[in-house]
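Undergrad: Take a look at the following structure, please.
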Amino acid sequence: MSIEGYIDYQRREYCKAIQCSVQTELDKRQPDTNEYEEIRQTCKTECIHTTYEFHHWLIDKGYLIIRPDKA
């Protein structure tokens, strides 16, 4: 759900912006192949970056993290 006048974070935007080595390897592969999925597991279970890094990148880029007040 987008908010009028704002843009949503795009999948892997952070990874691409910081030139993550895992993302670089994913970009060399075709999606939906065994090799791609094996590399993708690193992102899913053993990301080499921290939520702290990600959170501060979002802030630096002007992103807002919001939720409904009655979630």
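Undergrad: Checking the condition of a type in the set (A, V, I, L, M, F, W, C) and either on the phi > 0 side of the Ramachandran plot or at pLDDT 95 or above (or both), which residue from Cys20, Cys43 passes? Break it down into steps so the answer makes sense when it comes.
TA: On the way: Cys43 fails: either on the phi > 0 side of the Ramachandran plot or at pLDDT 95 or above (or both).
Exactly one of Cys20, Cys43 is of a type in the set (A, V, I, L, M, F, W, C) and either on the phi > 0 side of the Ramachandran plot or at pLDDT 95 or above (or both), namely Cys20.
Undergrad: To continue, here is another question. Quickly run through the stretch 24-67 and pick out the residues that are among the polar types (S, T, N, Q) and under 30 Å from Ile3 (Cβ atoms). Full working, then the answer.
TA: Within the stretch 24-67, the subset among the polar types (S, T, N, Q) is 24, 30, 33-34, 41-42, 45, 50-51.
Thr50, Thr51, listed by residue number.
Undergrad: If you check every pair at least six apart or on different chains, which have Cβ atoms under 7 Å apart with a residue in the stretch 20-31 that is under 10 Å from Thr42 (Cβ atoms) first and a residue that is part of a helix (DSSP H, G or I) and among the β-branched types (Val, Ile, Thr) second?
TA: Val22/Ile39; Val22/Thr42; Glu25/Ile39; Leu26/Ile39
Undergrad: Right, another one. Could you please let me know if Glu4 is assigned to a loop (DSSP other than H, G, I, E, B), over 12 Å from the mean Cα position of the chain (by Cα) and charged (D, E, K, R)?
TA: When the stated conditions are applied, Glu4 passes them.
Undergrad: If we keep just the residues of the stretch 3-37 that are under 18 Å from Ile59 (Cα atoms) and of a type in the set (Gly, Ala, Ser), which is most open to solvent (accessible area, probe 1.4 Å)?
TA: Result: Gly5.
Undergrad: Would you be able to say whether some residue in the stretch 38-48 is surrounded by fewer than 10 Cβ atoms within 10 Å (Cβ to Cβ), within 14 Å of the chain's Cα centre (by Cα) and under 28 Å from Ile66 (Cβ atoms)? Quick ask: steps written out before the conclusion?
TA: Of the residues in the stretch 38-48, the ones surrounded by fewer than 10 Cβ atoms within 10 Å (Cβ to Cβ) are 44-46.
Filter again for within 14 Å of the chain's Cα centre (by Cα), leaving 44-46.
Next cut, under 28 Å from Ile66 (Cβ atoms) only: 44-45.
Yes: the stretch 38-48 contains one or more residues that are surrounded by fewer than 10 Cβ atoms within 10 Å (Cβ to Cβ), within 14 Å of the chain's Cα centre (by Cα) and under 28 Å from Ile66 (Cβ atoms).
Undergrad: Looking at Tyr63, is it open to solvent by 80 Å² or more (accessible area, probe 1.4 Å), of a type in the set (Ser, Thr, Tyr) and touching a residue at least 40 places away in the same chain (Cβ under 8 Å)?
TA: Details: open to solvent by 80 Å² or more (accessible area, probe 1.4 Å): no; of a type in the set (Ser, Thr, Tyr): yes; touching a residue at least 40 places away in the same chain (Cβ under 8 Å): yes.
Taking the combined requirement at face value, the residue does not satisfy it.
The values are calculated or read from the model by the stated rules, or taken from the named source; none is laboratory data. Predicted model, so just to flag it, every value in this text is computed and none were measured. All Cβ positions, even for glycine, are placed from backbone atoms using ideal geometry, and neighbour counts span all protein chains on display. Quick note on the areas: whole protein, heavy atoms, side chains included, nothing else; ligands and nucleic acids left out. Shrake-Rupley method; radii C 1.70, N 1.55, O 1.52, S 1.80 Å.
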